[in-house]
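Only one structure is covered here, and it is reproduced in the block below.
The values are calculated or read from the model by the stated rules, or taken from the named source; none is laboratory data. Predicted, not measured: the structure shown is a model, and the values here were computed from it. Note that each Cβ is placed from the backbone with ideal geometry, even for glycine, and that neighbours are counted across all protein chains shown. SASA here: full protein model, heavy atoms, side chains in, ligands and nucleic acids out. Shrake-Rupley method; radii C 1.70, N 1.55, O 1.52, S 1.80 Å.
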Amino acid sequence: MLNRRDLLRAATIGGPVVALFPWGLTPSPAHAAPAALPAGPARSGPRRRAARIVPFEHAMRVPPVLSPVSRTDSSDLYRLRMAETEVEIVKGLLTTVRTYGDCFPGPTIRAVKGREVVVQQTNDLSVHTSVHLHGGNVPSRYDGLPMDLVEPGETREYRYPNEQVAASLWYHDHAHQLEAENVYRGLAGAYLLSDPHESGLPLPSGEFDIPLLIRDARIETDGRLVYTDPYECPHMLVNGKERPYFEVAARKYRLRVFNVSPNRHVSLRLADGEPFTQIASDGGLLAGPVQLEELTLAGAERAEIVVDFARYPVGESVVLENTAALETERSEVLRFDITREAEDRSRIPDVLATLPPVPEATVHREFWLTTFPDTRINGRKYDPDRTDVRTTLGSSEIWTIHNHLTRKPAGVFHAPHSFHTHLVRFRVLDRDGEPVGPAEAGLKDTVPINPGETVRIAMTWGDYPGQYVYHCHHMVHSSHGQMGRIDVLASAPEDSDQESDETDSSSDASGFGAGRSGSSASGTGRRRQRQHGRYRHGHRVGVRA
């Protein structure tokens, strides 16, 4: 098992190969996988052998909804314990994973707009953790910053105000240089936020509203979960089970699809080519429904789709497949078995939501994401003591983000980036100057940027001042420092160099050498309190004896 010291050492001595492919593996070309290929990863050594792959042996489980331990007029209190437990991912094998609440993936938290959620997280693992509510608009002290570590034996309290529109969020580990492995080993769970408008729509609900947390893995023949390169991860998990089946009624279902793979994108379609309807993206409902035949999600992206199984006779099945699977992998992800009739009064309205207008920017910033020879943003690796961007509450900005890798090897997992901003949701304006389609035009917090591509996003900073981060959510990239710090100020200081209508490329002629990512990136930022040689921030509940 890699611990934090191992990862730090690898980042120091491993060189460019370690930074890009941290397990020292060279990727093979990626192609869309044909149906039903034999299992088995390429390049497995003589002492390593992946567990057998026999699709649809497991019934898919729906993660349990967590119950609060207490309630007040305005908030719900939850308690979760991070600990190792054994689960059956591949039929007949027990696998040790890291969990929230002894559940793999973690239990679902259902929240309501305007009602605070308080989660007390106890770390009973042997590694440090930091819990981030991905997509949450929360004060900095509860954001789960990379250096706000929950030490083994410690309990930390996180408060989520839920003053934002309904969306499919998720909580996951964010401990710097450990986040990729911690999430890979199981520290992730769904957080479903509703509001009166969304709840009032006639969409499928209750038992017909299902989260699907999709990710890859490598399970050995002895049951071990091996943390390795995605090219050696032939197992595809849905809600913690290897390629399961799910019994559905002949009616419409709302499926909340999460890509919780640390290092892989997926492209999902029904094997018979039938369309489905997307109704929401990362940040909430779209303006209107969008019909799709395939859904591509980069790491950490989410989408909500409605599939009408009434078009299939009872007794038939349809497979959800991943067309981005390698040619060495099976393409199946999940089989839907239509087992019964059911009444269906749900429908998809023509208008789902009124989206806020695209903000009129007064500040423009430019960011270059580099992969070779190292993963950086604007030539710099993450430093928690350095402020890379300084902004103010209410500032509307346009960020232009470039993927510096110009060659475009199809399907290579490490070539695209998955760009994520904490605190705010943004609107994607265009890709290489072309406006994005309606499926990508809603509120977002994560956006894929393919090799050689330039993407522009627009956001307004609020509602909380403090320190936050932005980073690539291809987690091996952020683990190796492809991340920056942004300080959100309550008001602009008198000596601020942030000016209206300022465009700052933050780069030299090559686009990534200047090492500044924003018009106010020269400050070092406030120093943070150190305890035991680590940065601390947030509300410490206590240390267990």
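Observations on the structure shown:
- Number of the exception - I305 against (1) assigned to a loop (DSSP other than H, G, I, E, B); (2) within 14 Å of R254 (Cα to Cα); (3) open to solvent by less than 20 Å² (accessible area, probe 1.4 Å): (1)
- Some residue of region 200-212 being of a type in the set (A, V, I, L, M) and outside any loop (DSSP other than H, G, I, E, B): yes
- Contact map, region 137-151: first residue on the phi > 0 side of the Ramachandran plot, second residue crowded, with 23+ Cβ neighbours inside 10 Å, Cβ cut-off under 6 Å, separation 6 or more or different chains; pairs are G144/S130; G144/V131; G144/H132; G144/H174.
- Region 373-390 - residue that is within 22 Å of the chain's Cα centre (by Cα) and closer than 15 Å to I401 by Cβ and, of those, most open to solvent (accessible area, probe 1.4 Å): R376
- Breaking point among (1) modelled with pLDDT under 95; (2) within 30 Å of V306 (Cα to Cα), for D374: (2)
- Within region 460-478, the residues that satisfy the criterion of being over 19 Å from W368 (Cβ atoms) and either open to solvent by 10 Å² or more (accessible area, probe 1.4 Å) or more than 14 Å from the chain's Cα centre (by Cα) (or both) are T460, W461, G462, D463, Y464, P465, G466, Q467, Y468.
- Looking only at region 383-420, and only at residues there that are of a type in the set (V, I, T) and modelled with pLDDT of 95 or more, the one that is nearest to T371 (Cα to Cα): I401
- Taking the listed residues E274, E181, the one that is out of contact with any strand residue (DSSP E or B) (no Cβ under 6 Å at 6 or more places or on another chain), in a loop (DSSP other than H, G, I, E, B) and modelled with pLDDT of 95 or more is E274, with no other qualifying.
- Test result for D143, among the acidic types (D, E) and within 30 Å of H480 (Cβ to Cβ): yes
- Filter result for R269 (open to solvent by 20 Å² or more (accessible area, probe 1.4 Å), of a type outside the set (S, T, N, Q), in a strand (DSSP E or B) and in contact (Cβ under 8 Å) with a residue 12 or more places away in the chain): yes
- Failed criterion for K241 (all others in (1) under 20 Å from the mean Cα position of the chain (by Cα); (2) open to solvent by less than 10 Å² (accessible area, probe 1.4 Å) hold): (2)
- Boolean, D337 is open to solvent by 50 Å² or more (accessible area, probe 1.4 Å) and in contact with a Gly (Cβ under 9 Å, 6 or more places away or on another chain): no
- Here R264 fulfils each of the conditions (1) at pLDDT below 95; (2) part of a strand (DSSP E or B); (3) not β-branched (V, I, T) apart from (2).
- Selection within region 202-247 - within 22 Å of S331 (Cα to Cα) and either touching a Cys at 6+ places or on another chain (Cβ under 6 Å) or of a type in the set (F, W, Y) (or both): D216, A217, R218, Y227, Y231, Y245, F246
- Of the residues making up region 244-262, just one is out of contact with any strand residue (DSSP E or B) (no Cβ under 6 Å at 6 or more places or on another chain) and open to solvent by 10 Å² or more (accessible area, probe 1.4 Å), namely R251.
- For beta carbons closer than 8 Å, sequence separation of 6+ or different chains, a first residue in region 317-336 that is farther than 20 Å from D229 by Cβ and in contact (Cβ under 8 Å) with a residue 40 or more places away in the chain and a second that is of a type in the set (S, T, Y) and assigned to a loop (DSSP other than H, G, I, E, B), the qualifying pairs are V318/Y312; E321/S331; T323/S331.
- Among the residues making up region 117-163, a single one is open to solvent by less than 10 Å² (accessible area, probe 1.4 Å), outside any loop (DSSP other than H, G, I, E, B) and of a type in the set (D, E): E154.
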